[in-house]
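Right, one structure below, let's go through it.
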Amino acid sequence: MSLLITGGAGFIGSNFVHDWLATSDETLVNLDALTYAGNLGNLVDLRGDPRHVFVHGDVCDRALLDRLLNEHRPRAVLHFAAESHVDRSILGPGAFIKTNIEGTFTLLEATRQYWSGLQGDERSAFRFLHVSTDEVYGSLGPGAPAFTESHPFEPNSPYSASKAASDHLVRAWHHTYAMPVLTTNCSNNYGPYHFPEKLIPLMIVNALAGKPLPVYGDGMQVRDWLYVRDHCSAIRAVLAGGRIGETYNVGGWNEKPNIEIVHTVCALLDELRPHAEGSYKRLIRHVADRPGHDRRYAIDARKIERELGWRPAETFDSGIRKTVQWYLANAAWVTDVQSGSYRDWVAANYAAR
Ligand code: NAD
Ligand code: TYD
């Protein structure tokens, strides 16, 4: 038995690979294009492990997808691969349309052909699980109830619009072709292997380097943070017991404004790696806001709890402490990912702010 996963060298995908192989001997075939966000260093401890088959390739490559599906005959496809950073989608939306929409379409079509050829139990057990985001729902007002699965799609960035489009394709492939699909819409993740272009790892690595901590606008935008391994356990629960054609919201019941997150990171670093010049908070700088910045996301995760008994294992306090400790213990990983292209991105996004 095997699973085909896409994007398994990225942040959430590589955590999923580790999480899966910690408790299962089922092979993972991991297809990843190794964009700037994909990093084999996230999987280095699996070198030589026969349960992990890495394939360097693009989800838009139909011939490759056909070959992998026919060769490995997976019992499920788990689709993590995406362009995932809102700020990059603002500066260059083209790659988001290509990977998130065309890539999902190509994967759906290849999977449909493969699944159509399955018989009996193999066919009825097969699943296509699409990993998506709460950002498809748009932005909430301060007192509005959290997103449920029936909240209308109101995406506001090129990233969230491309993910919303991919969610719609997945839905349509179920309704039109009866494909056995499942979709998860998760809130903001944090944890090990998080690329330091996103808020939490950027604040940790900048603080340690004595660089400014750039807070967009007033810093009062709210996100609902979930430790990445809790997202992995939710995906496992949905794969095992989710109802075909359904979507499941995944979140940590943990809404926090960005400025509070930055203060928490600084306080942990003050405790674990104190600096002679005083608190890391001295590095905080309010900078120009993100265009079209969504003010608040919040996930109502009652459906996945009610139907599948899933709840996060970490509190924010335990998860953020583990995360900061991981970055302190993995300075070499940070240095590795801060390549020339990373420095070019930092210059493009922050120089004019
Ligand atoms: P990431 O950017 O860290 O990783 C994406 C991975 O996909 C990388 O390894 C990259 O090389 C690979 N990839 C990109 N384009 C590809 C292509 N054309 N073909 C094959 N591989 C390709 O992203 P992430 O944060 O790990 O997110 C994974 C998934 O989870 C995405 O679909 C994202 O929308 C979703 N999601 C992320 C979050 C979050 O907080 N990070 C929250 C909810 C949902
Ligand atoms: P991010 O990690 O990019 O995730 P998303 O935009 O998908 O929610 O950003 C999280 C929040 O942090 C978001 O409100 C934007 C804000 N932010 C900053 O204030 N400064 C930064 O340098 C970055 C990267 C993000």
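The values are calculated or read from the model by the stated rules, or taken from the named source; none is laboratory data. In this text, all values refer to a predicted model and were calculated from it rather than measured experimentally. Note that we place each Cβ from the backbone using ideal geometry, even for glycine, and neighbour counts take in every protein chain shown. Areas reflect the complete protein model, heavy atoms only, side chains present, ligands, DNA and RNA absent. Shrake-Rupley method; radii C 1.70, N 1.55, O 1.52, S 1.80 Å.
Can you name the residue in the stretch 111-141 that is among the aliphatic types (A, V, I, L, M) and either in contact (Cβ under 8 Å) with a residue 40 or more places away in the chain or assigned to a helix (DSSP H, G or I) (or both) and is also surrounded by the fewest Cβ atoms within 10 Å (Cβ to Cβ) among such residues? Only one residue tops the list, namely Ala125.
Of everything listed in (1) loosely packed, with under 15 Cβ neighbours inside 10 Å; (2) in contact (Cβ under 8 Å) with a residue 12 or more places away in the chain; (3) in a loop (DSSP other than H, G, I, E, B), the single unmet condition for Asn70 is (3). Restricted to the stretch 284-351, the set of helices (runs of 4 or more DSSP H) holding at least 1 residues that are touching a residue at least 24 places away in the same chain (Cβ under 8 Å), closer than 26 Å to Pro155 by Cβ and aliphatic (A, V, I, L, M) comprises 302-308, 340-350.
The residues in the stretch 1-33 that are open to solvent by 10 Å² or more (accessible area, probe 1.4 Å), among the aliphatic types (A, V, I, L, M) and over 15 Å from the mean Cα position of the chain (by Cα) can be counted, and the count is 4. Of the numbered criteria (1) touching a Leu at 6+ places or on another chain (Cβ under 7 Å); (2) within 11 Å of ligand 2 (Cβ to nearest atom), the one Arg290 fails is (1). Only a single item in (1) open to solvent by 70 Å² or more (accessible area, probe 1.4 Å); (2) under 30 Å from Ala76 (Cβ atoms); (3) within 13 Å of ligand 2 (Cβ to nearest atom) is not met by His263, and it is number (2). The single condition among (1) open to solvent by less than 10 Å² (accessible area, probe 1.4 Å); (2) within 30 Å of Ala347 (Cβ to Cβ); (3) more than 8 Å from ligand 2 (Cβ to nearest atom) that Ile200 does not meet is (3). Per the conditions (1) more than 22 Å from Phe195 (Cβ to Cβ); (2) in a helix (DSSP H, G or I); (3) open to solvent by 20 Å² or more (accessible area, probe 1.4 Å), the sole criterion not satisfied by Val44 is (1).
I'd like to check something: does the stretch 48-70 contain any residue that is at pLDDT below 95, away from ligand 1 (no atom under 11 Å from the Cβ) and more than 30 Å from Ala347 (Cβ to Cβ)? So far as the stretch 48-70 goes, yes, one or more of its residues are at pLDDT below 95, away from ligand 1 (no atom under 11 Å from the Cβ) and more than 30 Å from Ala347 (Cβ to Cβ).
From the list Arg229, Arg236, Arg243, Arg223, the lone residue that is in contact (Cβ under 8 Å) with a residue 12 or more places away in the chain, more than 16 Å from ligand 2 (Cβ to nearest atom) and under 25 Å from Leu328 (Cα atoms) is Arg229.
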